[in-house]
Amino acid sequence: MTTPSYKFAEHYAQMSNDELLRLAAQKDSLLEVARHALGNELARRGFGSGGVADYEKEEAQRLEHRRKETISESRNVWRRRSKTLLYVMILFGGDLLTVWGISNLFNLPAEAVRILTNMSLKCALGVAVLGIAFAGRWVNLKTTLATAGIFSLALFLWVFWARNPIGAPRASENKPSELQDTLQWLEGATEAESADGMPPYHHYGFRSNGGCNVTITETRLIDGETKDFGSSVFSLKDIDPGDILVEDLGAGPDMKMFQGQFAVRLHTRNYQKAIDMQGPNITELHAHPNWSRSDSVTLFTNSWFAPRFAKALKRAVELCGGNASSN
C-alpha cells in the first residue's frame with residue numbers, strides 16, 4: 001500500500017530545482033508530511049537551509065527588479081505620450097497662429113477665415129495622425145518645428161496664390177473695361193430705376209468722378225417740387241465689399257408704412273469717416289464738422305432695384321481694390 005509520504009516523495013523527485021526551491025519558500029502552507037518529504041528531497045539534492053534562504057533572497061531581488069522595470073516602463077510610456085501631446089499642440093498652435101497672421105495680412109473676411117481655419121486644422125490633424133502612426137520614432141521637437149514651418153509656408157503660398165493667381169491682374173489693375181462697364185451700369189440704372197414710389201419719393205443719381213471716386217446724389221419730391229437733398233462723395237476703395245446690405249423695410253415692425261420699400265446700406269472699411277456729406281440741405285451738419293463726414297450711406301429704393309444695385313456696387317468696390325474690415 002502506497003503511503004502519503006511516498007506519494008509526496010515521488011512527486012517532489014520529478015520536480016526541478018527551481019520548482020522545489022519555490023515550493024520551499026512556501027513550506028509553511030504545506031502539510032507536515034509534505035514538508036518532511038520536501039526536506040528529504042532538498043537534502044538529497046544538496047540544498048540545505050542556506051540554499052533555500054539564498055533562493056528566497058534571489059527571488060525577492062528578481063521581484064524587486066521586475067517592479068522597478070514596470071515602473072520605469074510606465075514612466076517612459078507617460079513621457080512618450082506627453083511629448084507626443086506637446087508636439088501635436090505645437091503643430092496645431094503654429095497652424096492657428098499662421099491662419100491668424102494670414103487673415104490679418106490679407107484682410108480676409110470672417111467667412112474666409114472660418115473656412116481657412118477648418119481646412120488647415122483638418123490638414124494638421126491628418127499630418128499628426130500620419131506622423132504618429134508611421135513615423136513615431138522620428139517624431140521629436142526638431143521634426144515637429146520643421147513640419148509646422150513647412151506647413152505654415154505652404155498655407156501662406158496657397159492663400160497668396162488664391163488671391164493673386166499667376167497671370168491674373170493685380171487689384172490695382174482691376175480690369176479697367178469691366179470697371180468702366182460696371183460704373184456705367186450703376187449710373188444708368190440708378191437714374192432710371194432708383195425711385196421708391198413712396199413719399200417723400202426718394203430718387204438717386206450715381207456719378208463717377210474719375211475711376212473709383214463717385215458721388216451719390218439724393219432728391220426728394222416735396223410739395224410737388226423735386227428738391228436736392230444732398231450728396232455723398234467717396235472712393236469705392238474705402239468701402240467694405242462685405243458690408244453692402246439689402247434690407248426689406250416692409251418686413252420690419254413698420255411693415256404697413258414701408259410696404260414694398262427696400263434700403264441699400266453700405267459702410268466704409270472699419271467704419272472710417274471717409275464719406276463726405278455735401279449739399280444745400282445739410283447746413284446743420286456743416287455746422288458740426290465731425291458730422292459732415294460719415295462712415296455709411298443708405299439708399300431708400302424699391303425691391304427690384306436694390307439687390308441689383310448692391311450686387312453691381314459690390315463688384316465695383318472689388319474692382320477698385322476695396323477690402324473687408326479687419327473684424
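Taking the condition in a helix (DSSP H, G or I) and at pLDDT below 75, does Gly50 pass? Before the answer, list the steps.
On the way: in a helix (DSSP H, G or I): yes; at pLDDT below 75: yes.
Considered against the rule, which asks whether it is in a helix (DSSP H, G or I) and at pLDDT below 75, Gly50 comes out as yes.
Being at pLDDT 85 or above, in a helix (DSSP H, G or I), of a type in the set (Val, Ile, Thr) and not assigned by TED's automatic domain parsing to the domain that holds Leu20 is true for just one of Val88, Val99. Which residue is that? If you could, list the steps in order and put the result at the bottom.
Numbers: Val88 fails: at pLDDT 85 or above.
The conditions single out Val99.
When you go through Gly250, Gly211 one by one, which is the residue that is at pLDDT below 90, among the small types (Gly, Ala, Ser) and on the phi > 0 side of the Ramachandran plot? Steps first, answer last, please.
Numbers: Gly250 fails: on the phi > 0 side of the Ramachandran plot.
Result: Gly211 is the single residue among Gly250, Gly211 that is at pLDDT below 90, among the small types (Gly, Ala, Ser) and on the phi > 0 side of the Ramachandran plot.
Filter the range 144-167 for residues that are surrounded by 11 or more Cβ atoms within 10 Å (Cβ to Cβ) and either at pLDDT below 80 or of a type in the set (D, E, K, R) (or both) and give the result.
Thr144, Ala162, Arg163, Asn164
Taking the stated definitions as given, is Thr219 polar (S, T, N, Q), modelled with pLDDT of 85 or more and closer than 30 Å to Ser82 by Cβ?
Numbers: polar (S, T, N, Q): yes; modelled with pLDDT of 85 or more: yes; closer than 30 Å to Ser82 by Cβ: no.
It is false that Thr219 is polar (S, T, N, Q), modelled with pLDDT of 85 or more and closer than 30 Å to Ser82 by Cβ.
May I ask you to list the residues in the range 301-323 that are among the hydrophobic types (A, V, I, L, M, F, W, C) and modelled with pLDDT under 90? Spell out the reasoning first.
First pass over the range 301-323, keeping only residues among the hydrophobic types (A, V, I, L, M, F, W, C): 304-306, 309-310, 312-313, 316-317, 319-320.
Scanning the range 301-323 gives a single hit, Trp304.
So, in the range 193-244, of the ones that are free of Cβ contacts under 8 Å to residues at least 12 places away in the same chain and among the acidic types (Asp, Glu), which residue ends up surrounded by the most Cβ atoms within 10 Å (Cβ to Cβ)?
Of everything passing the filter in the range 193-244, Glu225 is surrounded by the most Cβ atoms within 10 Å (Cβ to Cβ).
Scan the range 120-137 and give yes if some residue there is modelled with pLDDT of 80 or more, touching a helix residue (DSSP H, G or I) at 6+ places or on another chain (Cβ under 7 Å) and within 30 Å of Pro307 (Cα to Cα), otherwise no.
Scanning the range 120-137 turns up no residue that is modelled with pLDDT of 80 or more, touching a helix residue (DSSP H, G or I) at 6+ places or on another chain (Cβ under 7 Å) and within 30 Å of Pro307 (Cα to Cα).
If you check Thr98 against the conditions, is it surrounded by 13 or more Cβ atoms within 10 Å (Cβ to Cβ) and more than 13 Å from the chain's Cα centre (by Cα)?
On the way: surrounded by 13 or more Cβ atoms within 10 Å (Cβ to Cβ): yes; more than 13 Å from the chain's Cα centre (by Cα): no.
No.
The values are calculated or read from the model by the stated rules, or taken from the named source; none is laboratory data. These numbers were taken from a predicted model, which means no experiment stands behind them. We place every Cβ from the backbone using ideal geometry, glycine too, and count neighbours over all the protein chains shown.
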